[in-house]
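Laboratory data are not the source of any read-out in this text; all were calculated from the coordinates shown. Every value quoted in this text rests on a predicted model; they were computed, and no experiment measured them. Cβ placement follows ideal geometry from the backbone for every residue including glycine, while neighbour counts extend to all protein chains displayed.
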Amino acid sequence: MDLNQGLVDLVAVALVAALAPLVVAALPGPRIPQVVVFLLGGIVIGPHVLGIAETSSIQLLANIGLGFLFLLAGYELDPLLLRQQAGKLAIEGWLLSAGIAVGVAAALTAAGYIRDYVPVGLALTTTALGTLLPILRDNDMLTGEFGRYVYAAGAAGELFPILIIAVFLTQRGHFVALASVALVGALAIVLTGLPWLARSSAVQRILREGEDATGQTTLRWAVVLLFLLLAIASRFGLDVVLGALLAGIVLRAWTRRFNMDTENLERKFDAVGYGIFIPIFFISSGMTLDLKAISKDPLRLLVFFLLLLIVRGLPCLLVYRHALAARQRAEMTFITATTLPLLIALVDIGQRDGVMLPATAAALVGAGVLSVLVFPQIAVGLHRSAPLTPADIGITTAQTASAPADSPGQHGHPDQNGQSR
């Protein structure tokens, strides 16, 4: 690889990332997610349009960006949430989506529309929690009880597809792959216990004193954790997103046991992740999008776009019928149907297998881009259309009158357990 060309590619990518917030601010109407501008910018500078840059020289940085995206998603997840009512409903909804996806993929394969039915069917069951978080957080849609259901649905839409990718879409045998997943999971559990081995006041003092300024101790160890689990997952032949997701979960456990300043650490992760590496991943993904293949068969893109809503979104209307108000169920429908990062990973797997049609690969990624552009905006519009009344969320007039004015969930920003912080 030519070093000079690599630097030119990096300058082009950095320029797209820097211009994205300015473009979003300048566009009229409702603000679109920056990730859409990243993807469109990648298309423009990529080999299929201007040909200014190519992905080979920035692939490592793009993989780190993918890792940071899922680390942040894993950091937001609480595994205990899947044991609660919100988690049980999320699992039920994902299993229903998986059942529908099997039937849809089988029908498309029988019709000769697709050939690589496993990655395509699995792609229809994914949810882009990492991509959705900044959009939903900016619109105050992660608070209270509804936020718990969103976190749980996003966790199911990422965790289960990742596990299936690691076990069934690997070059190794399924038994070996399953054993590898178990070993990596066991390692993650062991890593969550490391703070107990370093509970001395001296260690905690060093961590706190080096947390800011030039030391940045906690951030550096978090990056070590991410790279370690990415490398181990890759070594075991697993998809790197599994390692990144586990790194986020482990990091969450570390912050609790070390009593770290989580808000400060989260700001650092946002700065490093969203400021540097995550934009590179999305811009690189846009550079690989084949517009010619999409233009030859645009109907294929629209089919997959609608299938994302049908397979992953519509089950929410049934699953949450007793838990959420009608408008909230509609919001969940569009939130869960939004996907992209895992879809890109599945397309990459299908292309490596040599089975996925180029038109299918391009249409799937295009459908994911369209879902990020359209579905969250519909959900935000529904959220803003009319405030929920207490009756909508099952609170009676008597309960409202007897509730204290500063009860949890009415002030502050709840975490994924619904507690104010």
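Things worth noting here:
- Taken over the range 37-114, the percentage of Cα pairs per 10 Å bin, counting from 0 up to the bin with the maximum distance, is 15, 21, 23, 34, 7, 0.
- Taking label positions 7 Å along the Cα-Cβ direction at both residue 321 and residue 26, the computed distance is 4.9 nm, reported to one decimal.
- Approximating the spin labels as points 7 Å out from Cα along Cα→Cβ, the residue 106-to-residue 264 distance works out to 5.6 nm.
- Charged-residue dipole, Cβ positions (Lys, Arg, Asp, Glu), the range 82-154 about Cα centre, Debye nearest 20: 180 debye
- Ordering 268, 296 from the fewest to the most neighbouring beta carbons within 10 Å gives 296, 268.
- For 151, 320, the sequence from fewest to most other C-beta atoms within 10 Å is 320, 151.
- Whole-Hz couplings from phi, Karplus 6.51/-1.76/1.60, listed for the range 150-155; x for Gly and Pro: 5, 4, 5, 5, x, 4
- Formal net charge of residues neighbouring residue 366 (Cβ-Cβ distance under 10 Å; K, R +1; D, E -1): 0
- Alpha carbon Rg of the range 1-80, scaled by the compact-globule rule 2.2 N^0.38 Å: 1.31
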